[in-house]
């Protein structure tokens with residue numbers, strides 16, 4: 001079965017650089033270790049296990065892959081592949097699907113070969129980039145926002161919050177819109193549609209007035225775009241009254257949606273800003289203006305990394321900085337919250353929702369789909385790992401759908417909405433679900449005890465060997481210890497008790 005948590009955690013291959021033209025592949029005569037490791041990283045370990053040959057070549061090899069690694073001796077390649085054979089493969093219950101027909105979806109009636117699109121950004125800003133993405137397997141691209149303004153970008157314009165392994169947890173940009181002319185972008189649309197007629201071109205646009213919104217929509221349709229996405233959400237505009245400034249005012253959203261709707265006959269999506277308390281007002285205004293669907297979320301206004309010596313936040317541009325847009329996996333919980341709000345809004349029933357915000361793995365994408373998204377868009381993960389991630393996005397979701405017995409992706413859309421409430425009043429509060437310790441995994445580090453003592457309810461003590469022991473009289477079942485344990489040696493148990501009435 002497919003597990004919600006990987007059998008091989010990312011932490012076990014934390015030193016892998018996920019190289020391009022990986023040396024481990026060149027050293028191995030039997031496998032392509034880099035592809036297997038990448039699948040583990042992107043929570044697609046079952047696909048990797050199922051694609052291994054029947055006989056394990058790693059049993060008798062000298063691990064030349066580890067010697068050739070750019071970090072020699074730091075990545076346990078042979079051990080990880082052996083774990084795919086002997087730990088993951090026995091858990092696989094479903095064969096790899098023979099085709100990708102289950103992944104077919106649509107965007108406001110426009111066919112999609114799979115739900116994965118590049119989102120409007122630098123990753124979809126030239127002909128060559130979109131062509132390479134289409135060749136890799138992306139279903140389409142939301143091209144970087146086309147405008148009639150003269151765009152000049154700052155340098156540098158990116159900064160990030162990084163994890164212990166160097167990967168980007170959160171990503172800040174102060175980038176604006178396409179710096180190509182409208183004429184140049186229209187030429188790109190024509191060339192892409194001529195060469196890739198089955199791929200979807202979603203043209204992001206931004207105007208300064210009603211006439212520009214309508215004119216840009218018309219031009220995009222005439223030059224091959226399948227749909228337009230109205231950028232009511234960019235937080236980085238140098239000129240006021242644009243981007244996120246519009247998305248925060250429902251009246252303006254409705255007005256400019258109507259202007260774009262009058263300019264074209266293809267589907268129109270409104271891309272809304274998360275820099276609001278609630279998104280429904282703007283979404284409903286977009287629908288009144290003629291939008292066929294909603295895209296969300298764009299980046300969140302943020303400040304990252306104030307330098308302790310210069311006192312300037314990152315990215316610093318000649319001694320100055322600015323609030324910018326935050327993206328990456330860190331924003332996914334916020335994006336999912338807005339997706340759920342839109343998915344539960346009865347006024348949007350039957351409208352297409354295109355979800356984005358922190359998607360890196362197929363499981364991330366599935367969460368958006370379960371909350372109502374019919375397509376998903378990706379930028380930051382592509383900037384970090386490249387277009388190649390589409391392989392694991394598609395394969396992981398395809399295998400999941402096969403395991404669930406789904407013939408069509410549409411069967412999964414919105415299945416997570418009924419169990420979700422925006423009020424905690426619906427939650428049962430009269431039972432306690434205890435944690436369970438797994439002795440063979442425990443290394444006796446004491447992290448669970450420290451966290452419970454200083455951040456919980458003092459319900460864990462150490463035995464004579466330094467292993468945790470639970471005090472059931474004090475445990476309230478908060479599960480902080482489960483989240484803290486670095487070895488995944490604590491899991492939810494089946495032991496549940498009823499809380500005392502006066503507790």
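Just so you know, all these numbers are worked out from the coordinates, no wet-lab data involved. Quick caveat: nothing in here was measured; it's all calculated off a predicted structure. Backbone-built Cβ (ideal geometry, glycine too); neighbour counts: all protein chains shown.
Helix 390-403 and the longest principal axis of the C-alpha atoms of the chain enclose an angle of approximately 70°. Peptides 449-462, 260-273, 316-329 ranked from most to least packed give 260-273, 316-329, 449-462, packing being the mean of other C-beta atoms within 10 angstrom over each peptide's residues. Sorting 159-169, 231-241 by their mean Cβ neighbour count within 10 Å, with the most densely packed peptide first, gives 231-241, 159-169.
Computed over the chain, the alpha-carbon pair-distance distribution with 20 angstrom bins reads 21, 51, 27, 2, each value a whole percent.
Projected onto planes of every orientation and averaged, the convex hull of the alpha-carbon atoms in segment 221-332 covers 8.8 nm². In a fully extended conformation the segment linking residue 288 and residue 5 would gain 97.7 nm over its present Cα-Cα distance, using 0.36 nm per residue. Note on segment 117-138 and segment 187-202: Cα centroid distance 11 Å, given to the nearest whole angstrom.
Axis angle, to the nearest 10 degrees, between helix 250-263 and the longest C-alpha principal axis of the chain: 60 degrees. Of all DSSP bridge pairs formed entirely within the chain, close to 45 percent run antiparallel. Quick check on segment 146-205: take the gyration tensor over C-alpha atoms, sort the square-rooted eigenvalues as a ≥ b ≥ c, and tell me if it's rounded (a/c under 1.5), prolate or oblate. It comes out oblate by the Cα gyration axes. Taken along its principal axes, the alpha carbon cloud of segment 161-293 reaches lengths of 47, 37, 27 Å, longest axis first. Per-residue ellipticity at 222 nm computed for the chain from its helices equals -8500 deg cm²/dmol, with DSSP H segments shorter than 4 residues left out and the rest contributing -39,500 (n - 2.57). Highest mean packing comes first when the peptides 437-444, 213-220 are listed by Cβ atoms within 10 Å, giving 213-220, 437-444.
Dimensions of segment 428-498 based on its C-alpha atoms, expressed as ranges along the principal axes with the largest first, amount to 34, 22, 20 Å.
Take the Kirkwood radius over Cα pairs of segment 10-91, plug it into Stokes-Einstein at 10 °C and 1.306 mPa s, and you get 127 µm²/s for translational diffusion.
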